[in-house]
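Down below is the structure, laid out as C-alpha cells.
The numbers here are math on the coordinates, done by the rules we state, and not lab data. All figures in this text were calculated on a predicted structure; none of them were measured in a lab. We place every Cβ from the backbone using ideal geometry, glycine too, and count neighbours over all the protein chains shown.
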Ligand SMILES: [Zn+2]
Ligand SMILES: [Zn+2]
C-alpha cells in the first residue's frame with residue numbers, strides 16, 4: 001500500500017475567488033494558493049472575503065510550503081492575512097512573487113515569508129512531493145500549472161489557464177509536457193479551472209485584440225483616450241501601450257496599483273515601454289488630447305479608484321468631457337457589475353464616449369472555454385477528475401465535459417468548499433470535511449463575524465426599533481408607557497395602534513425578570529425582545545432589529 005494523499009479544499013469551489021487548497025501526505029501539507037474574493041452586494045460593509053484560514057493555523061507546524069499558481073488576487077490576496085499567524089516558504093514565478101510580495105509588504109509582513117522564485121519547467125522538492133511548475137497562458141504573465149509527483153501518482157493542478165496559441169510574450173502553455181506526463185507515468189488526478197466551462201468554443205487569443213486597439217486609436221485621432229484594465233494584466237497593458245505609441249501618443253498612468261505594477265513589470269522585463277514614451281500624469285492636461293494615452297485603475301468600479309473619481313468629476317489630475325474616450329478593457333468580476341455600471345453612467349453623464357461590453361470586443365477572457373477544457377482532458381487523460389475554480393454551475397458543466405471526454409462516471413467528483421478527498425491505491429474517495437466558512441474583512445479589521453453581517457442585513461432590510469422602558473427595578477413596576485423609536489420604517493401609524501399591547505407585554509416581561517435576587521436585566525431583555533418580535537410579526541408582518549433600553553428608577 002502506497003501512502004495516501006489527501007486534498008482539502010478551503011475555498012474556490014462554488015465561487016470565483018478565495019482559492020486555497022491543501023495537499024497532504026506523510027503528515028506534511030503543501031498549500032496551493034491563498035486568495036481573496038470580492039464580496040457579494042448583500043455582504044453589507046464587507047470589503048473582502050477570505051478563505052477560512054483556521055485549518056492552516058491549526059496545522060501550521062505541518063505546512064512544508066505554499067505554492068502560488070499565478071499573481072491574481074483571487075490566488076494571492078489572502079496571503080497577507082495568513083502571514084499574520086504563519087511563517088511560510090512561498091513558491092512562484094518571479095512576477096507572481098513580486099506581485100504577492102508587494103501586497104504582503106504593504107501589510108508589513110514580507111519577512112514572515114521566505115520567497116522562493118521558480119523557473120518554467122522547474123522541479124522542486126517541497127515536503128513530501130516533487131512539484132513541477134508547468135507554464136500556462138492566462139490573463140497575467142508567468143502562470144503555472146502544477147504537477148505534484150506523489151506516492152499516488154501525478155496530481156495535476158491546472159491553475160488558471162486558457163490555451164492561448166498566440167501568446168503576447170511568446171511563452172506557450174507547455175501542453176507537450178502535460179502529454180509526456182500522461183504518456184509516461186499517467187495523470188492520476190486532474191484538478192482543472194472551470195470558470196468558463198459553460199462557454200462554448202475556444203476563448204480568443206489575447207493577440208486578437210491587437211487589431212481592435214489599432215483601429216480604436218486610428219478612429220479616435222484628436223481625442224484623449226483613457227483605458228482601464230486589471231493592473232496585473234501586463235499583456236493587455238502592453239497591447240494598449242503599443243497601439244498608443246504606434247499612433248504617436250505619450251503614455252501616463254493613473255492610480256496607485258497601475259503605477260506600481262507598471263514600474264514592477266518594467267523592472268522585471270515583462271512589460272516594455274521606452275522611457276521616452278512615458279510622461280507624468282500632471283502633464284496630461286497640458287498636452288493636446290490626441291497626443292496622450294492614460295492607463296487607469298478602476299476596471300471593477302471600485303468606489304475610490306481613479307476611474308470612479310474621474311466619473312464622479314472628482315479627479316485630481318484630469319477632468320473628463322466630450323473630448324475623452326474611455327475604454328473598459330475588462331469584464332466585471334461577479335459582484336462588481338453594479339459598481340461598474342455606475343461608473344459607466346457617470347462617464348456618460350460627463351459626455352465621455354465609453355467603449356465597453358461584449359460588442360466592443362475590447363476584452364477577451366483569461367480562462368479556457370469548452371473546447372480548450374476538452375483538449376486539456378484529452379491531453380492529460382486523467383484517471384480521476386475534480387473541477388475547481390468556479391461557481392457551482394461551472395463545476396457541474398465541467399464535470400459533464402469530463403464524462404463526455406471519457407473519464408469514468410464514478411471517477412468524477414464535484415466537490416465544494418470544505419470537502420476533503422483522499423487518493424489511495426483503491427481510488428479517490430470523499431473522507432471528511434474541514435471548516436471553510438467565509439471570513440469577512442471590513443476595513444482593516446479581519447474576521448467580522450456572521451452575526452455582524454446578519455445584523456447589517458436586518459438593519460438594511462427591516463430597520464431598527466428601540467423600545468425604551470421605564471422600570472422600578474426594586475419592585476418590577478413599569479413606571480410609564482414604553483416609548484418606541486424607529487429608524488428605517490416607512491410608516492409608524494400602525495405601531496401606535498399597538499401601544500397598549502406593547503405596554504402589556506413589557507409588564508409581563510418585567511414580572512418574569514423579578515426573582516429573589518432582584519430584577520434580572522438580561523432575562524427582561526431576552527423575554528421582551530422575543531415577545532415583541534412575535535407581536536410585530538403577527539400584526540405587522542415585520543421583523544426589525546429590536547433594541548430594548550431599560551431606564552431604571
Ligand atoms: Zn483565479
Ligand atoms: Zn487568474
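Data table
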quantity	calculated
Rg/Rg_ref, the chain, where Rg_ref = 2.2 N^0.38 Å and atoms are Cα	1.16
Against the rule of thumb 2.2 N^0.38 Å, how large the Cα Rg of segment 456-553 comes out	1.06
Hydrodynamic radius of segment 206-360 per Kirkwood, over alpha carbon pairs, in Å	15.3
Residues residue 47 and residue 491, FRET efficiency given R0 of 45 Å [Cβ-Cβ distance, rounded to 0.05]	0.85
Linear extension gain, residue 286 paired with residue 60, 0.36 nm per residue minus alpha-carbon span	75.8 nm
Three-way shape call for segment 93-168 based on the alpha-carbon gyration tensor, with the a/c threshold at 1.5	oblate
Shape parameters for segment 1-52, alpha-carbon atoms, Rg then Dmax in Å	14.4, 51
For 475, 203, 424, order by how many other beta-carbon atoms lie within 10 Å, fewest first	475, 424, 203
Stretchable slack from residue 169 to residue 116, in nm (0.36 nm times residue separation minus alpha-carbon distance)	16.8 nm
Computed helical MRE - 222 nm, the chain, DSSP H runs ≥ 4 contributing -39500 (n - 2.57), nearest 500	-9000 deg cm²/dmol
Residue order, fewest to most beta carbons within 10 Å, for 34, 22	22, 34
Burial ordering of 85, 52, 520, 417, fewest other beta-carbon atoms within 10 Å first	85, 520, 52, 417
P(r), alpha carbons of segment 353-475 - 10 Å bins starting at zero, rounded %	9, 22, 20, 22, 14, 5, 4, 2, 0
